[in-house]
Amino acid sequence: MRGTYLEYQVRTVPTGLSKILHVNWPLALAIAAVTAVGILQLTSVAGGSFGRWAEPQAIRLGVGLLGMLIVALVPIWFWRNMAAVAYVTALLMLVAVEVAGSIGMGAQRWLDLGFIRIQPSELMKVALVMALAAYYDWLDPERTSRPVWVILPLLLIGVPVLLILMQPHLGTAVLTVLIGVTVMFLAGVSIWYFAAAALIGGGTVASVFLTRGTPWQLLHDYQYRRIDTFLDPAADPLGAGYNIIQAKIALGSGGWAGKGFMQGTQSRLNFLPEKHTDFIFTTLGEEFGLVGGLSLLLLYALILFFCIASALQMRDRFSALLVLGIAATLFYNLVINLAMVMGLAPVVGLPLPFLSYGGSNLLVLLLAFGLVQSAHVHRPRSRA
Amino acid sequence: MKRTEQQLREVQALFSRRALVLGGVQAVVLGGLALRMRAMQVEDGDAYRLLAEENRVSLRLIPPPRGQIFDRAGVLVAGNEQNWRVTLVREDAGDVEAVLARLAHVLGMAPEDLERARAEIARHPPFVPVTVADRLTWEQMSAVAVNAPALPGVTPEVGLSRVYPLQADFAHVAGYVGPVSEADLARIEDPDPLLRLPRFPIGKVGVEARIEDMLRGTSGTRQIEVNAGGRMMRELARVEGTPGADVQLTIDAGLQNYVQARLGVESSSCVVMDCASGDLLALASAPSFDPNLFVRGISTADFSALMENDHRPLSTKTVQGAYPPGSTFKMLVALAGLEAGLITPDETVYCPGHLQLGDRRFHCWKGGGHGRVDMVQSIAESCDVYFYEIAQKVGIERIAAMARRFGLGERFDLPLSGIAEGLVPSMDWKRTVRGESWLVGDTLNASIGQGFVLSSPIQLAVMTARLATGMAVTPRLIKSVNGIEQPAGPFADLGLNENHLRLQRRGMYEVTNVRRGTAYGSRIEAEEYTIAGKTGTSQVRNITVAERARGVIRNDQLPWNRRDHALFVGYAPADAPRVACAVVVEHGGGGSAAAAPIARDAMVRALHGDVPPLSVYPASARSAVEALHRTMPLRPVAPPATGGRTRA
């Protein structure tokens, strides 16, 4: 057993096109299944029209899957060497949207590159996982819990999070923190740091609410209103609360087996806003009921399971942390979106991974899973 | 450092433990979500199904009536009128093109209106009712009703739409509303759901735009039963919203109409304000336009005609125009000198018609010169050389400080669009902005309100009110909101020596009331309406030495846009000022000929409360005024309707 790729036994790794045989096929199939559900559901919410949302999404899916394969075939040690580049690029793009926004185009989260509009905060999530994994790969494990070596990754997390908060996009900021902290946890940082962080976090939440209404309040008024609406959606049934109420009605009215494909009245009668993006899960729950919802949940669980199983076979820290970091990205995206549509979390505007309509999120996620596949393909094999 | 096998095994074991812990936590969370899903879909499923059924009952927004705008006496300036219109829901129409074609035939719609409707429909989701035609007659509505079976998705409706009964008179003050645009929405953080309604009216310029939040009101809601297609079957319940606030302006509609008509077709503007309260009584900018054109969305032809007119009808010149104040600035130069103790009122200057400074010659407007003049005379006759002389002693910094005390270079807090700040130049300003050092010549130019000095008509009116009262008068445009009087006055004293001010007023009195005064022709002989003022003529071009030698080209021989601006500021009655006035006629020529008569008429009209009898004018002016009054398109001022607050 060896510690880093520099001492790697490269010879055991498959080469050329034979790599395709060594792709983590169960994982790839689970992802394909989830995305297929997405295309189906986008057809349904468009009232049976394939061209409205499903077709562009399918095209992006094709491009994304191809990208995933290409990323998977490139050796994982190349990606490790790219970690710092990816992180700095994503950071510069975050700064770029911030600058573009302040120059007078208003609040902006997108960077328009002409052929595609990217949300740098999406890229940042993956780049952060890469950077942290590379960092712990480099760091002597003995030092993992020393304060100096804990502060450094916290800075790696903190700088982009501040930039995302300035956009302002609260949901993604929280998500980025969660992902970063999870990688640190997996890397073996002492459990006491997490206990301390939980305490400080609790204090922050308390201060956010205690400063409300004062001139130095920490969030925007509309963000406070969103929290209010979350706590009591009925207070504003026509405004911000409307989405949650209608989403819960759609989901709840699905029952055991649902109303049937394209039979959801909530979605058909257009009571449901954002039905093709953030709230797409509710249309699935309405049309396929608990059975459909649980099946989808099971598919996601399988993806996570395959990732963990793959990570446990890894013998180098970069691959192992990368795989689980990306799995965590998927997990938090999923949980926050589901909790949101079930009325368990505020409406923060995060899409459902692999299902929601929108190119940026889908593409980044597929490329990230390309990295997971690359780690799997190029994992060391015992030469028994 | 080489890592030992033992260490590596420990690290690997720690990672495996933590990975499994994480996997466990993820499983528990997903399990929790699954349970929640079960609770919602199975246990509470029936309740939610019922709610989904009830969703056949839909909530719709009721747009509140927009607040009305009145003049100071209660004359309606901006109101709401009943408007019959038809809306179309794309989803219900089926073949939209065919339905639109039939509708166009039934209503006799113009091709461009049809095109606009098509664009509007494409811009909105298929289930939103989009107004395709409005301001329909009763006959057109009946035609739609009769043809209803052939027009699926088309619904006749009645709504309110904005109307400006005084048309062009208030176009620049009240502004206008127009259908809300993407650009409007982008400017507002967290916009009101009302603004998402198709073609919802939003203030675009002027008072309508600047106090949009007050005028808009809050929406009501109605519960309606809809069929599966989303078409309304019946109304079940209704909660009314709050209407927008009614706003009363300080403007006097009659005076505004008179002044607007008096400005005529010249590119000009006139401000009349109450000296004591700062109330703006008239804010006229000419040429004007009919704001009603914008309410429905102006046609391209009309809009480009407005844009291409070199007299800029869309510009609110009263606050947006920035002009060199010319000689109207001179009182401030004299005051700056007096207050600093650098000059005395009796000091005289000999004016040979120019002043030589180094190799530059600064000319007086009067080629032959004024001879020996003192302060009062030099204001009355507008001698430039006198001010060149004293400005050298006083210096630009003192002049600039005095100008600022009189409101020049200040952006007053008025609910109007694009208010210009003007410019009071100083040494620092020139160094930082232009990167050049201040020259004595610049001071000389500034002393006669030329060079870098810029001021807007509203600033000149405020300056005049302050000269007339000695108080820091500030303008007010909103008199009351929902009947609640808005704050006004009393104003602080400017802290100037009353004797110094009195000298300026003496000079201004002589401008219009002694035979040598520059605006003697615009005097008023009636005791109670005597006016005092100051003419100004500001050059917009350089006069070369060669031209000076040949003889300066007369204004009427120059192309329009090279002629001088004509200005006049004044107040009346001269002995106990009640109104102050500023008039700027762009490229109008001399201030005494082009601007002073307008200011005279505006002030007399303001004091008299109606079109004054010819007897207040001196005999020599009567026939001209009479001819003018005969041709001016005056509107009979509607008596303030006591029931004026009713909503159409």
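The values are calculated or read from the model by the stated rules, or taken from the named source; none is laboratory data. What you see is a predicted model; the values in this text were computed from it and never measured. All Cβ positions, glycine included, derive from the backbone under ideal geometry; neighbour counts span all protein chains shown.
Data overview
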read-out	value
Breaking point among (1) in a loop (DSSP other than H, G, I, E, B); (2) out of contact with any helix residue (DSSP H, G or I) (no Cβ under 9 Å at 6 or more places or on another chain); (3) modelled with pLDDT under 85, for B:S277	(3)
Qualifying residue in the range B:26-38 (condition: of a type in the set (D, E, K, R) and not assigned by TED's automatic domain parsing to the domain that holds B:L194)	yes
Exclusive hit being more than 30 Å from B:R622 (Cα to Cα) and part of a helix (DSSP H, G or I), set B:L444, B:L496	B:L444
Qualifying residue in the range B:510-522 (condition: among the charged types (D, E, K, R), assigned by TED's automatic domain parsing to the domain that holds B:A465, surrounded by 12 or more Cβ atoms within 10 Å (Cβ to Cβ) and not in a helix (DSSP H, G or I))	no
Any hit, the range B:52-74, residues being in contact (Cβ under 8 Å) with a residue 24 or more places away in the chain, facing chain A (nearest Cβ under 10 Å) and either closer than 30 Å to B:G483 by Cα or not in a strand (DSSP E or B) (or both)	yes
Selected residue [surrounded by 18 or more Cβ atoms within 10 Å (Cβ to Cβ) and either in contact with a strand residue (DSSP E or B) (Cβ under 8 Å, 6 or more places away or on another chain) or modelled with pLDDT of 85 or more (or both)] from B:H105, B:H172, B:H124	B:H172
Residues satisfying the stated conditions in the range B:374-396, i.e. in a helix (DSSP H, G or I) and among the small types (G, A, S)	B:S378, B:A380, B:A391
Qualifying position, being over 27 Å from B:R505 (Cβ atoms), in contact (Cβ under 8 Å) with a residue 60 or more places away in the chain, among the small types (G, A, S) and crowded, with 17+ Cβ neighbours inside 10 Å, among B:S447, B:S417, B:S456	B:S417
When residues of the range A:187-207 are limited to those that are more than 14 Å from chain B (Cβ to nearest Cβ), more than 25 Å from the chain's Cα centre (by Cα) and not aromatic (F, W, Y), the one nearest to B:V11 (Cα to Cα)	A:A196
Test: residue in the range A:81-89 that is buried (at least 16 other Cβ atoms within 10 Å of the Cβ), among the small types (G, A, S) and over 25 Å from A:G158 (Cβ atoms)	no
Test: residue in the range B:40-47 that is modelled with pLDDT under 90, over 30 Å from B:L195 (Cβ atoms), more than 9 Å from chain A (Cβ to nearest Cβ) and loosely packed, with under 15 Cβ neighbours inside 10 Å	yes
Complete set of residues in the range B:334-387 that are of a type in the set (S, T, N, Q) and surrounded by fewer than 17 Cβ atoms within 10 Å (Cβ to Cβ)	B:T344, B:T348, B:Q356
Residue check for B:G451: more than 21 Å from the chain's Cα centre (by Cα), at positive phi and in the same structural domain as B:P577 (by TED's automatic domain parsing)	yes
Unique match (being among the hydrophobic types (A, V, I, L, M, F, W, C), surrounded by fewer than 12 Cβ atoms within 10 Å (Cβ to Cβ) and touching a Lys or Arg at 6+ places or on another chain (Cβ under 9 Å)) among B:V584, B:V540, B:V569, B:V545	B:V545
Given (1) at pLDDT 90 or above; (2) over 28 Å from A:Y135 (Cα atoms), number of the condition A:S49 does not satisfy	(1)
B:A322 being in contact (Cβ under 8 Å) with a residue 40 or more places away in the chain and buried (at least 24 other Cβ atoms within 10 Å of the Cβ)	no
Qualifying positions in the range B:579-615 - in a helix (DSSP H, G or I) and of a type in the set (A, V, I, L, M, F, W, C)	B:A593, B:A594, B:A595, B:A596, B:I598, B:A599, B:A602, B:M603, B:V604, B:A606, B:L607, B:L614
Among residues of the range A:277-326, those that are assigned to a helix (DSSP H, G or I), more than 10 Å from chain B (Cβ to nearest Cβ) and among the acidic types (D, E), counted	1
Test set (1) on the phi < 0 side of the Ramachandran plot; (2) in contact (Cβ under 8 Å) with a residue 12 or more places away in the chain - B:T432 fails condition number	(2)
Among residues of the range B:291-305, those that are out of contact with any Gly (no Cβ under 9 Å at 6 or more places or on another chain) and surrounded by 17 or more Cβ atoms within 10 Å (Cβ to Cβ), counted	2
Unique match (being surrounded by 21 or more Cβ atoms within 10 Å (Cβ to Cβ) and either over 26 Å from B:T469 (Cβ atoms) or within 25 Å of the chain's Cα centre (by Cα) (or both)) among B:D564, B:D556	B:D564
Subset of the range A:327-354 (residues that are modelled with pLDDT of 90 or more, in a loop (DSSP other than H, G, I, E, B) and of a type outside the set (F, W, Y))	A:L352, A:P353
Of residues in the range B:296-333 being closer than 27 Å to B:D384 by Cα and aliphatic (A, V, I, L, M), the one modelled with the lowest pLDDT	B:A322
Which listed residue, of B:L335, B:L357, is more than 23 Å from B:V511 (Cα to Cα) and touching a helix residue (DSSP H, G or I) at 6+ places or on another chain (Cβ under 7 Å)	B:L357
Qualifying residue in the range B:23-38 (condition: at negative phi, more than 9 Å from chain A (Cβ to nearest Cβ) and not in a helix (DSSP H, G or I))	no
Any pair with Cβ under 7 angstrom, 6 or more apart, that starts in the range B:601-613 at a residue that is closer than 14 Å to B:A261 by Cα and in contact (Cβ under 8 Å) with a residue 24 or more places away in the chain and ends at one that is assigned to a helix (DSSP H, G or I) and among the β-branched types (V, I, T)	B:A602/B:V259
Residue match in the range B:328-340 (condition: within 24 Å of B:A284 (Cβ to Cβ) and touching a Ser or Thr at 6+ places or on another chain (Cβ under 7 Å))	no
Sole exception among (1) at pLDDT 75 or above; (2) surrounded by 13 or more Cβ atoms within 10 Å (Cβ to Cβ); (3) over 20 Å from B:A52 (Cα atoms) for A:D228, by number	(1)
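Residue by residue, here is whether (1) surrounded by 19 or more Cβ atoms within 10 Å (Cβ to Cβ); (2) at positive phi; (3) among the β-branched types (V, I, T) holds:
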| position | (1), (2), (3) |
| --- | --- |
| B:V146 | no, no, yes |
| B:E157 | no, no, no |
| B:V180 | yes, no, yes |
| B:D184 | no, no, no |
| B:E189 | no, no, no |
| B:P198 | no, no, no |
